[in-house]
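Working notes, beginning with the structure itself.
The values are calculated or read from the model by the stated rules, or taken from the named source; none is laboratory data. What you are looking at is a predicted structure, and each value in this text was computed from that prediction instead of being measured. Backbone-built Cβ (ideal geometry, glycine too); neighbour counts: all protein chains shown. Just the protein is used for accessible areas: all its heavy atoms, side chains included, with ligands, DNA and RNA removed. Shrake-Rupley method; radii C 1.70, N 1.55, O 1.52, S 1.80 Å.
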Amino acid sequence: MAGKKIMSSFATAEVCDSHASHLANGDLRALEPVFKIYGQCRAFSGPVVTLKVFEDNVLVRDHLETKGEGRVLVIDGGGSMRCALVGGNLGQLAQNNGWAGIVVNGCIRDVDEINGCDIGVRALASHPQKSNKRGVGEKGMPVHVGGTLIYDGEWLYADSDGILVSKNELSL
């Protein structure tokens, strides 16, 4: 099942309350509350695609140029605050190709443009400088984001209260 951009009956707080045993055994994890909310979709979910890069967004573009099919791109940018990994053009590309959302352990730019896109975006901050273009990084590997290890293929659920990652798709 593909991910969803907007779910009126979805709340991460309720998911935590109703899946306490999954939280206790680690099958469901809450990311640290360090992410700012961008994009028009306040709530989104979908299967995770992982990417590890550092101050280089060539692989980010490569991924967002593919069909998103409701997935969520989770980018471990090493928490860098020295440049942006996603900007307005990539936000529009993600929207046009059917990505449900993007979570960036790093910065974005073109905030007003991204806020106009019909996707959900979470990032640590905004930064006006663009990234390098070397094409260096790794895809499909476990990434450490928001204080937790996230695996390719897990499910991510985000709303205004926070971000959850589950080993499996949850029945909501």
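Quote the FRET efficiency, to the nearest 0.05, computed for ASN132 versus GLN40 with a Förster distance R0 of 30 Å and r equal to the Cβ-Cβ distance.
0.55
May I ask you to derive the relative contact order of the chain, considering only C-alpha pairs under 8 Å and at least 6 residues apart, and to give it as an integer percent?
Taking the mean separation of contacting Cα pairs over the length of the chain, I get 32 percent.
Please report the antiparallel percentage of the DSSP beta bridges confined to the chain, to the nearest 5.
Expressed as a percentage, antiparallel bridges in the chain total about 50.
Full-extension gain between ARG82 and CYS16, please, as 0.36 nm times their residue separation minus the C-alpha to C-alpha distance.
Roughly 20.4 nm would be gained on extension.
Just to be sure I understand the model, the point goes 7 Å from the Cα along the line to the Cβ. What's the resulting ASP27 to THR66 distance in nm?
Distance between label points: 2.8 nm.
Give, rounded to the nearest 20 debye, the magnitude of the charge dipole that the chain has about its Cα centre when Lys and Arg contribute +1 at Cβ and Asp and Glu contribute -1 at Cβ.
400
Of the trypsin sites (Lys or Arg not before Pro) in segment 69-172, which ones lie in a loop per DSSP and count no more than 10 other C-beta atoms within 10 Å?
LYS133
Please name which of LEU73, VAL86, ASN115 has its Cα lying farthest along the dipole of the chain towards the positive end, using unit charges on Cβ (Lys, Arg +1; Asp, Glu -1) and the Cα centre as origin.
Positive-most Cα among the choices belongs to VAL86.
As a test of the formula, what do you get for the chain when each DSSP H run with n ≥ 4 contributes -39,500 (n - 2.57) and the sum is divided by the residue count, at 222 nm and rounded to the nearest 500 deg cm²/dmol?
Theoretical 222 nm ellipticity from helices: -5000 deg cm²/dmol.
Share of antiparallel DSSP beta bridges in segment 76-157, in percent to the nearest 5?
Close to 25 percent.
List the aspartates and glutamates whose alpha-carbon lies under 19 Å from that of LYS133, not counting same-chain residues fewer than 8 positions away?
By straight Cα distance, LYS133 reaches GLU55, ASP56, ASP62, GLU65, ASP76, ASP110.
In segment 48-166, with Lys and Arg counted as +1 and Asp and Glu as -1 at Cβ, which of these residues, ILE102, ASN132, HIS144, has the Cα nearest the positive end of the dipole, that is, farthest along it?
ASN132
Heavy-atom accessible area per residue, the chain, 1.4 Å probe: how many Å²?
Spelled out: the 1.4 Å probe surface of the chain, per residue, equals 45 Å².
Could you list log10 I(q)/I(0) for segment 48-166 at q = 0.11, 0.18 Å⁻¹, which the Debye formula gives when each Cα is one point scatterer?
-0.29, -0.84
If you roll a 1.4 Å probe over segment 17-172 with all protein chains in place, what percent of the accessible area is carbon or sulfur?
47
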